[in-house]
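Here is the structure we will look at.
Read-outs throughout are calculated quantities, based only on the coordinates presented, and are distinct from any laboratory measurement. Quick caveat, the model's predicted, so the values are computed rather than measured. Positions of Cβ are generated from backbone atoms using ideal geometry, with glycine treated the same way; all protein chains shown enter the neighbour counts.
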């Protein structure tokens, strides 16, 4: 995962983004992500960090400055999964342009109205933020800024804001409501070595000295406060363009000995000052999310705040503080005086406020920001499959995909199949595209382009291939081009022995490809512990999870005796059915009542029928074609026999056990995992006919058969549920993408 962060300020600058971006970048680096930062800067360098920081000098002429910023973003965004802009204008507009040209996801953080703040500071507008949204009489620079921030907000793939108030502002700009996410800022606690002496009648306010902070209202209320609390004083922490005007106001009210301007202080000094006071006041006309309020909560100082912007989301009137109207000096004087006079009330409100601080942890903010960048909810994943039935809403494959989709932000499936191309939506966050691969000359290109389109459209953070061959090749190529993490699943156990690759010349040709693709994967999934152990030995540095394929239990109980053996599945070389027939013929020589049910079909059926005849057991073998009601076939089987040379998991073993049927199987798939030797049946070495014969004879013993039958049913009932398996697999997905 590679993220480019576009910001206006970065250390040694001070301010919200300069504090937030290094924390977020460090968190992402700890997850193994690649992070690069592009920023405007007065300094050619700053403190050493573990990721590249590209600085564009603010001393450059404006046009050249913005062009240089765009060029830096263009250069570093190559191979990035997304660009995360920290404002909608100075960083946001160049980020939008690069994201559009490179077809990258653009995420945007909005912590205020960029245009309104500039208009306020530069004297271009004196009204409220709410009135500014519809104001027509603005100077051209501020109209242009307002147009740009709205333009970028409407086109961003996702917007994060620190309060519901700002979410409403973003929606007012035309941003789609579903794209706006509220994540409260995290505030690191400040641990003072020693606590200052409390001055009960001291009022403290802190922040930038700008018009909308409402400090003039507090100064105007101070004479009324002094009438009720004669020794009340005010400490103003911070600096800014409004400082001279505020000092004039202090002089006008003849409060020179009652008001102290400290200038800018360190965070620790700010906290010490707030903690020393009896009341902290924040009376701004607008706040997105006030760190100062949270720090006041931490300090144990009672709070009076304006009921503007995001303040009411933090301060509940009469519960953890008092709220007053913006600009209302009379209400401000009443609220502040009340807390200065009633210390019991002040302590009660401060205690409640301290409890709220837990909601605003940096850890919680970083985790939620990571989820926001990966997808709407947790991971966003693309699966490359060769199961065309997934497009059928009633199929088992579609059912599994729905379970996965319930646990992620979006799941997109590209199914490679010899079927008509189609697209479907199985759930609001589950989409399926079937790619027709009947034309081998075009199949690979069509499939790769389909995966790339899906990755771009849905902003997916992980590509998963359900095999290390055709699907794996398509997924790897798309992963390589889009720089998206790749997970490859191994369902077949094809590396465990020579049997699979020796079956056909095609298998021999693609065996090497499979091993090579597995070595290129960022993560692996195995469906059995045998496969997992083999992959861990071959690729020890690659993250790996073992999650089997869920098998639907059957609802019938077999009453057949142990000497009625059965096989259910395809008649193909992998299953080594000649071994089963030879073994059965030996058992039949000693037990004429023994029967074998062969349920299924496939290319080897004719030769197998002939073999049964040649072995003299043609009359004892019943051939049953596949049907929808496979449970009825299991109802006639007393012991399931599986003589395969290789298996990934072997669903028929679980199906049989759910019917209370003991199992005789070679040491493949789920042998000694779901089904255990000597407990639910017998496990014999691959290709060992003598051992297979003896195991079949053991199963015919009535007492042993009954014991194995009971154990099999209990074992099947205790296996993981679909929800548990989905939890484990999607949890691994989230681990890969850094959640």
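Tell me the angle of helix 577-590 to the major Cα principal axis of the chain, expressed in degrees between 0 and 90 and rounded to the nearest ten. Orientation of helix 577-590: about 50 degrees from the principal axis. Computed over the Cα atoms of the chain, pair by distinct pair, the Kirkwood hydrodynamic radius stands at 30.5 angstrom.
Along its principal axes, segment 564-717 has C-alpha extents of 38, 33, 28 angstrom, given from the largest down.
A full extension of the chain between residue 199 and residue 227 corresponds to an added length of 8.3 nm, given 0.36 nm per residue minus the alpha carbon distance. With the Cα gyration tensor of segment 375-504 giving a ≥ b ≥ c as the square roots of its eigenvalues, does the rule (a/c under 1.5 for rounded; else a/b larger than b/c for prolate; else oblate) give rounded, prolate or oblate? Rounded is the answer for segment 375-504, as its axis ratio a/c remains below 1.5. Taking N as the residue count of segment 202-362, its C-alpha radius of gyration divided by 2.2 N^0.38 Å amounts to 0.93. Computed from the Cβ-Cβ distance with R0 of 56 Å, the FRET efficiency linking residue 423 to residue 139 stands at 0.70. Between residue 78 and residue 345, the modelled labels are 6.5 nm apart [label points 7 Å from Cα along Cα→Cβ].
By the beta-carbon count within 10 Å of each Cβ, the least crowded to most crowded order of 451, 435, 304, fewest first, is 435, 304, 451.
On a full-extension model of 0.36 nm per residue, what is the gain between residue 623 and residue 519, subtracting their alpha-carbon distance, rounded to one decimal in nm?
Values: separation 104, 0.36 × 104 = 37.44 nm, distance 4.26 nm.
Fully extending the segment from residue 623 to residue 519 adds 33.2 nm.
Each principal axis of the Cα cloud of segment 8-61 was evaluated for its coordinate range; sorted largest first, these ranges are 38, 19, 16 Å.
Full extension of the segment from residue 122 to residue 245, taken as 0.36 nm per residue of separation minus the current Cα-Cα distance, would add 42.9 nm.
If you fit an axis through the alpha-carbon atoms of helix 396-405 and take the longest principal axis of the Cα set of the chain, what angle between them do you get, 0 to 90°, nearest 10? Relative to the chain, helix 396-405 is tipped by roughly 20 degrees. All distinct Cα pairs of segment 345-402 go into the 1/r average, and the inverse of that average, the Kirkwood radius, is 15.6 Å.
Most exposed first by the Cβ proxy, i.e. fewest other Cβ within 10 Å, how do 216, 45 rank?
In order of increasing Cβ crowding within 10 Å: 45, 216.
May I ask for the angle, rounded to the nearest 10°, between helix 140-155 and the longest principal axis of the chain, with both axes built from Cα atoms and the value confined to 0 to 90°? It works out to around 20 degrees.
Do you know the relative contact order of segment 2-182, to the nearest whole percent, from alpha carbon pairs under 8 angstrom that are 6+ apart?
Details: 310 pairs, mean separation 32.4, N = 181.
About 18 percent, as a whole number.
Separation of segment 310-328 and segment 430-509, taken as the distance between their Cα centroids, equals 56 angstrom. Sort segment 197-267 into rounded, prolate or oblate with this rule: let a ≥ b ≥ c be the square roots of the eigenvalues of the Cα gyration tensor; rounded if a/c is under 1.5, and if a/c is not under 1.5, prolate when a/b is larger than b/c, oblate otherwise. Oblate, since a/c reaches 1.5 and b/c is not below a/b.
Taking each pair of different alpha-carbon atoms in segment 153-283 once, compute 1/r for the pair, average those values, and report the inverse of that mean as the Kirkwood hydrodynamic radius in Å to one decimal. Don't jump to the answer; show the numbers that get you there.
Details: mean 1/r = 0.0585 Å⁻¹.
Hydrodynamic radius (Kirkwood, Cα only) of segment 153-283 equals 17.1 Å.
Applying 1/(1 + (r/R0)^6) with r as the Cβ-Cβ distance of residue 164 and residue 191 and R0 = 35 angstrom yields a FRET efficiency of 0.70.
Express the relative contact order of the chain as a whole percentage, based on alpha carbon pairs under 8 Å and six or more residues apart in sequence. Don't skip to the answer; put the middle values down first.
Values: 1504 pairs, mean separation 59.1, N = 739.
About 8 percent, as a whole number.
Extending 7 Å from the Cα toward the beta-carbon at both residue 559 and residue 210 defines two label points whose distance is 8.3 nm.
Modelled this way, with points 7 Å down the Cα-to-C-beta line, the labels at residue 23 and residue 589 are 7.9 nm from one another.
Apply the a/c threshold of 1.5 to the C-alpha gyration tensor of segment 662-715 and tell me whether it is rounded, prolate or oblate. The partial results should precede the final answer.
Numbers: a/c = 3.32, a/b = 1.19, b/c = 2.79.
It is oblate, given that a/c is not under 1.5 and a/b is not larger than b/c.
When the convex hull of the Cα atoms of segment 5-160 is projected onto a plane and the area is averaged over all directions, what value comes out in nm²? Display every interim value, and only then the final one.
Values: hull surface 37.6 nm².
Mean projected area for segment 5-160: 9.4 nm², to one decimal.
With contacts taken as Cα pairs under 8 Å at a separation of at least 6 residues, segment 202-362 carries a relative contact order of 25 percent. Per-residue ellipticity at 222 nm, computed for the chain from helices alone with -39500 (n - 2.57) per DSSP H run of at least four residues, works out to -13000 deg cm²/dmol. Here the calculated FRET efficiency for residue 62 and residue 154, from their Cβ-Cβ distance with R0 = 22 Å, stands at 0.35, rounded to the nearest 0.05.
Beta bridges per DSSP, both residues in the chain: antiparallel share near 5 percent.
Dividing the convex hull volume of the alpha-carbon atoms in segment 252-343 by its residue count gives 118 Å³ per residue.
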